[in-house]
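Some notes on the structure that comes next.
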Amino acid sequence: MQFPQKHSATGTTIFTVMSALAQQYDAINLSQGFPDFPIDEGLAKLLYDAAKGNYNQYSPMPGLPMLRQAISKNFKRRYGLDVDSDAEITVTPGATYAIYAAFTAVLQAGDEVIVLEPAYDSYIPNIEMNGAKAVPVPLSAPDYSVDWRKVEQAITPKTKAIIVNTPHNPTGAIWQKDDWDALADLVRDTDIVIVSDEVYEQLVFDGEQHYSVLQHEELRARSFAIYSFGKVFNNTGWKIGYCIAPPEFTRAFRQVHQFMAFAVNTPAQYALAQHLGNEANAPVHIMMQQKRDYFLELIRQTPFTIHEAALGSYFQVASYERISDMPDMEFAQWLTKEYGVATIPVSAFYKDKKDDKIIRFCFAKKEETIKSAIERLSGLRAL
Ligand code: PMP
Ligand code: GLN
């Protein structure tokens, strides 16, 4: 049987590859991004209550009304923003799906989409699966800021969308308000749509704040903003996210969604709705900043080089320039096999597999996990 090639990323995703390797070599898994500690007990109990109660059948296609209302209230409380729970919010089976659905709603064969690299690995295949072309624009090392001149040069009459991501996976960089203003200047007088991946919006450190595309009135009118509960409540395996977009955009999004998933796991939506409304929840960024600080303190005692501390997300990139000159994929595999610590080679986030000798660590882990991982790395020596 010949299957058509739907996109250019022919191999298996790096997250599957590295997590499998970690298991095979009994390595500590700091590769794929997921917390290794339990979720809030109250949230777990709510899921049980939902299943015991009567929350086991299909929810309405856009999502349980009580969850959409809770999301709307939460955006009012945290950002002072008005979001219409009926016309602007759609609950999805995760953010990856929501990004794909947003692209599918807007793209036609031959369109171009600008992608700032390094970029989360689903973006380019998702663009290509819709018959469109990804146009990569590199971020500037070492702080991974956006070079707006390069973005401007990449825009053509075929540019249909730009996908942006703040806080950024894999680099931990965050956007300031100026970045949104620069983007608005470039897309004004065009029909370019923004897909804004903000899954790490609640993981911002050092007193910085997350600027959402929704806070930029001009850009909000042309944007899909994408979120994931997995990163807020440490339950990535629940795979529930949502998309906030203007009513016209939401209608187009739901045209796709109604025939891809139709609806999302009902008991989990119930539990999230109840939990989201609970203002006693501890903000996740405080705990995650402690983990970042602990990780940084320990990794700095090894020959890895940290050029910039992550300001957001739950990832820290590090250069191994003082340890080895192996290609990053080879280095990450060697580190897993020889030192028992799995990481992600950052070349996986580039279409052309650009290798800057940088790997990504996930620090959303118990202190003891971080400590054991760095103990294992303590035998590494500078060249
Ligand atoms: N975008 C980014 C930048 C991510 O790191 C992730 C990782 N999980 C996602 C989207 C996908 O989120 P979800 O698990 O909700 O599909
Ligand atoms: N977002 C997570 C990461 O970047 C995992 C995503 C996945 O496994 N597909 O590691």
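What follows draws every value from the coordinates through simple rules; no lab data is involved. Quick caveat: nothing in here was measured; it's all calculated off a predicted structure. Note that each Cβ is placed from the backbone with ideal geometry, even for glycine, and that neighbours are counted across all protein chains shown.
Details
- Nearest-20 debye value, the chain charge dipole, Cβ charges on Lys, Arg, Asp, Glu: 800
- Candidate lysines - alpha carbon under 18 Å from residue 231, same-chain residues fewer than 8 apart omitted: 239, 291, 365, 366
- Choice from 75, 229, 363 with maximal GNM fluctuation in the chain (Cα, 10 Å cutoff): 75
- Within the chain, percent of DSSP bridges classed antiparallel, to nearest 5: 45
- Here the range 231-345 yields Rg over Rh of 1.11, to two decimals, using C-alpha coordinates and the Kirkwood radius.
- GNM top mover of 343, 156, 90 - the chain, alpha-carbon springs below 10 Å: 156
- Unit Cα scatterers, Debye sum, the chain: log10 I(q)/I(0) for q = 0.08, 0.12, 0.14 Å⁻¹: -0.41, -0.95, -1.29
- Span from the the range 296-338 Cα centroid across to the the range 37-57 one, whole angstrom: 38
- GNM result for the chain, Cα springs below 10 Å: residue of 279, 321, 218 fluctuating most strongly: 279
- The distance separating the Cα centre of the range 224-264 from that of the range 138-182 comes to 23 Å.
- Kirkwood hydrodynamic radius over Cα pairs of the range 138-198, then Stokes diffusion coefficient at 4 °C and 1.567 mPa s, in µm²/s: 106
- Sequence-ordered 3J(HN,Hα) estimates for the range 93-107 from the Karplus curve with 6.51, -1.76 and 1.60 and θ = phi - 60° stand at x, x, 7, 4, 4, 5, 5, 4, 5, 5, 4, 5, 5, 10, 8 Hz, glycine and proline given as x.
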